[in-house]
Each structure stands twice: as structure tokens, then as C-alpha cells.
1. I'm trying to understand the selection: among the residues of the stretch 147-182, which are touching a Leu at 6+ places or on another chain (Cβ under 9 Å), open to solvent by less than 50 Å² (accessible area, probe 1.4 Å) and either part of a loop (DSSP other than H, G, I, E, B) or not aliphatic (A, V, I, L, M) (or both)?
2. Do any residues in the stretch 30-59 that are touching a residue at least 24 places away in the same chain (Cβ under 8 Å) and β-branched (Val, Ile, Thr) have Cβ atoms under 8 Å from those of residues that are open to solvent by 90 Å² or more (accessible area, probe 1.4 Å) and not in a helix (DSSP H, G or I), where the two are at least six apart or on different chains, and which pairs are they?
3. Go through the stretch 1-23 residue by residue and tally those that are over 20 Å from the mean Cα position of the chain (by Cα) and closer than 25 Å to TYR80 by Cβ.
4. Tell me, yes or no, whether the stretch 61-76 has at least one residue that is crowded, with 17+ Cβ neighbours inside 10 Å, small (Gly, Ala, Ser) and within 18 Å of SER163 (Cα to Cα).
Amino acid sequence: MISAVFATPVWKSDNKYDLTKQQLDYLKTLELIKNKGDNFITPRKDILDDVIMEDFKKWCLLNVTAFAKQLGASDKTSFYITQSWMNKNPPHSYHHTHMHPNSIFSCIYYLEGDTCPTFFYRYDDRTSFGNFAFYDGDKGSNPYTATKVGVMNEVGRLVVFPSSMVHDVDKNLGQKDRVTISFNTFIKGEMGDP
């Protein structure tokens, strides 16, 4: 029998959040600048601090807290959002491979677009067996041999993951823009022993 050791947790919200017309109108007013991969990003990194986004921000933090509690987080700690921004991937653009330093959990809320996965990678791009690939590649990978795993997006749903996870989004082959809201978090409260 195989057991998973050092599994990496990724949270998908149980429920969806439908942004209001006022929130959608606000997001349409945000300036976008060119990013790597021919996609766009807001230069502002505090878009969830605006009053119009207050209910959405609370919903996001409820999900972060639920994720942390399932991981065993202490009741003496809490999480807060340090940065928040919007991403736009027009058709034929992609989101470059990266991770989020100086953050505990990072989050992606899918605002609009065709279904496509966010891909997560093993940090060193190797399998569980180092650089040895002795398994049958024709059968595809499995949770023990994969170097890349996709988590499908769904409009209105939030994905929460450890900020150290390397991730990207393949080229947008659809006809619609792929639009997401992303944010990073940090922790406060009593942690560890003095």
C-alpha cells in the first residue's frame, strides 16, 4: 500500500461568491499594465482595501481561515491580506511561472473566462525519485510521479495554496479574457514557544 508523505494542501472554496454589479463596475475602472507573458496586472496592490470590496474581502478571509483551521492553525493566530491585485489574460496570453515570496497563503479568485487550470509544480521540477524516471510515461503521471498538477478554475470560486508553490497558467486558447483577483496573506498572533 502506498501512503502520501508531505502532501501539499490546496483549498477550493466550498461555495462561490458572486460579485455585485457595483463591485464589477469598480474592477472595470482599475488601471492595467503589461506583465510577463503578454498578460496584464493592476499596478495597485491594494484593490481589496476599497470599501466597495469589503464583503468580498471578508468572504476571502473566511476561506483562508477555514483552510488554516483544517491544517491545525491555533486559535491564537489570524490571517490578514497584505497585497491584492487583478490579472487579465487575453486570448493567446499566459501567466508566467512564479511563486509569492513573503507570504503564507496565496489565493486566486476566478472572475471570468473559459475553464482552464492553474498548474502547480514541484519546486525542483523532479519526481519523488529524484532525477530517475523508471515508470511508464505512456500511462500518464499519478500523484506520486507528477511534476505538474492542474487545479481547474471555476468562476466564483477561490483557490488557496501555500505561497511557496511554483505555479503558472498556460496560454489562453479560449475566445474570452481570463480575469482573476489574487492576494497574498500573512499571519499575526501567538506563534511557537517563546
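1. If the condition is that a residue be touching a Leu at 6+ places or on another chain (Cβ under 9 Å), open to solvent by less than 50 Å² (accessible area, probe 1.4 Å) and either part of a loop (DSSP other than H, G, I, E, B) or not aliphatic (A, V, I, L, M) (or both), then GLY156, ARG178, THR180 are the ones that fit.
2. Final answer for the pair search is THR42/GLU31.
3. Result for the stretch 1-23: 3.
4. Yes - at least one qualifying residue is present in the stretch 61-76.
The values are calculated or read from the model by the stated rules, or taken from the named source; none is laboratory data. Not measured: the values here are computed from a predicted model. Cβ: placed from backbone, ideal geometry, glycine included. Neighbour counts: every protein chain shown. With ligands, DNA and RNA removed, areas are computed over all heavy atoms of the protein, side chains included. Shrake-Rupley method; radii C 1.70, N 1.55, O 1.52, S 1.80 Å.
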